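I have placed the structure first, in the form of structure tokens, so that the comments after it can refer back to it.
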Amino acid sequence: MLTAALAAAAAGAAPTASASALTAPAAADDGHGGSLGGSLVDYRGWATAHAWRRGSARGTRVAPGRRPGIVIGRPAGRTEYADPHTGTTSSWEYATWTSPVHRLSPPATEVVASWNASAPAGTWLMVELRGTYNDGGRTPWYVMGRWAAGDEDIHRTTVDDQTDGKSSIWTDTFSIDDAASGLRLVDYQLRVTLYRRPGSDATPLVWRVGAMGSDVPDRFEVPASTPRLSRELAVPRYSQNIHVGRYPEYDNGGEAWCSPTSTQMIVEYRGRRPTAGDLEWVNPDFDDPQVCHAARFTYDYQYEGCGNWPFNTAYASTYRGMHGVVTRLGSLADAELLVAAGIPLVTSQSFIESELDGAGYGTSGHLMTVVGFTREGDVVANDPASPDNAAVRHVYQRRQWENIWLRTKRYDASGRVRSGTGGICYVLWGSEVSPAQRAALAAVGIR
């Protein structure tokens, strides 16, 4: 099946002229998002008019179009929000949409929500998650993110210290506190609250919201996959390191900008970029000002960093016709499916220097862009942790790279056990999706 899917993806890898957004087949619209890696991962998204109408609305309505979504219709009420990062309290009208209950397959130890939206000036949104444990208990409504496209109305933020004694929110991730106990989350709902200034007719538009649940076991080593693709995509190459010292208010400047730099590479691969007006705030002496822009508009003021996973996919979606989700993949074979269809991906990994030949550094967490595979199956990555743009392209040994990406446990340079990301990635695509791209996305659980 994988070989056939790769052949189909490669045959239709170039985007078509269609402007239709990615939507699920009718039969899949009411079902689960799919599972990967031996049924370790379940992503479920709501992104069609039919899916939106299946949820519970309080003041929202479904806006039609190529990317149908939810907007404020008649507000459900008014509330006050005290921004913890500015000290300002403001009044807002709000409306909510709550998803149907999604039963996880498999029950999960972790869940990461992500969303695609526009939020013009004077608007913002909040995404929350509530679920049921396999012991019959229920979680509270956890805040997964308070998000604005800009930073003039509120400061986009996650919320610390959320726990019920069984699970906790770690920045952007729901996590069972003691997975070894056997406790799991068996289902969840998402709630989206849209906000706007009282009396305004502005509104956010949310055209996708979803979450990835997973139960990836603790592992220091993962099975090796068999190479089946040789292809490299012409993704722009940007170095985060040329921005060291620039705008230190955003995660200490470029030395920590691996995530927005990687995200920006794919945004531009899709033919989108900030306008000249968008970039007026950036010092004109700086090269690649769009990377500074991406850092500013992915910045999480609570986490104090630009590496919030759903804030990066949400930033990408603010560009015309862009879509993105946070998920996990099961192997490099899954990544090959996407690359074969012309879809690069951003991956998260951690390693010591000796574990990845050619990197020249070690890291407790780093994002890079997978753009292709060599004839031998090695990974071609645009690694933003490079001295300049010309040095960004790297070829990393397949076995080394796959293991540091997919494992959940590792040893640091001092021999202490640390965590790994277990295959986390951002998958970003444009609305010009071809049938082969649609099939590749569905094959990795994204509908």
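Read-outs throughout are calculated quantities, based only on the coordinates presented, and are distinct from any laboratory measurement. Keep in mind it's a predicted model, so treat the numbers as computed, not measured. Backbone-built Cβ (ideal geometry, glycine too); neighbour counts: all protein chains shown.
General observations
- Calculated [222 nm] ellipticity per residue, helices only, for the chain: -4500 deg cm²/dmol; basis is -39500 (n - 2.57) per DSSP H run with n ≥ 4, divided by all residues, nearest 500.
- Placing +1 on the Cβ of every Lys and Arg and -1 on the Cβ of every Asp and Glu, with no other charges, gives the stretch 290-447 a dipole of roughly 400 debye about its Cα centre.
- Stretching SER230 away from PHE286 to a fully extended chain increases their span by 16.6 nm, per 0.36 nm per residue minus the current alpha-carbon distance.
- Inter-site label distance for ASP357 and PHE220 at 7 Å from Cα along Cβ, in nm: 2.2
- In this rough spin-label picture, where each label sits 7 Å from Cα along the Cβ direction, the ARG66-ARG130 distance is 3.7 nm.
- For the pair the stretch 323-395 and the stretch 236-258, the centres of their Cα atoms are 18 angstrom apart.
- Basic side chains Lys and Arg get +1 at the Cβ, acidic Asp and Glu get -1 at the Cβ, and with that the dipole of the chain about its Cα centre reaches some 1660 debye.
- Extreme residue, positive dipole direction of the chain, given options TYR301, THR318, VAL159 (C-beta unit charges): THR318
- On full extension, the segment bounded by ARG54 and ASP388 gains 115.4 nm, given 0.36 nm per residue less the C-alpha separation.
- Nitroxide proxy distance, nm - points 7 Å out along Cα→Cβ at SER168 and ARG375: 5.1
- Selected from TRP92, TRP281, TRP46 as most flexible by GNM, with the chain as the system and alpha-carbon contacts under 10 Å: TRP281
- Exposed-loop-free span, longest in the chain, where GluC sites (Glu not before Pro) count as exposed if DSSP calls them loop and at most 15 other C-beta atoms lie within 10 Å: 1-151
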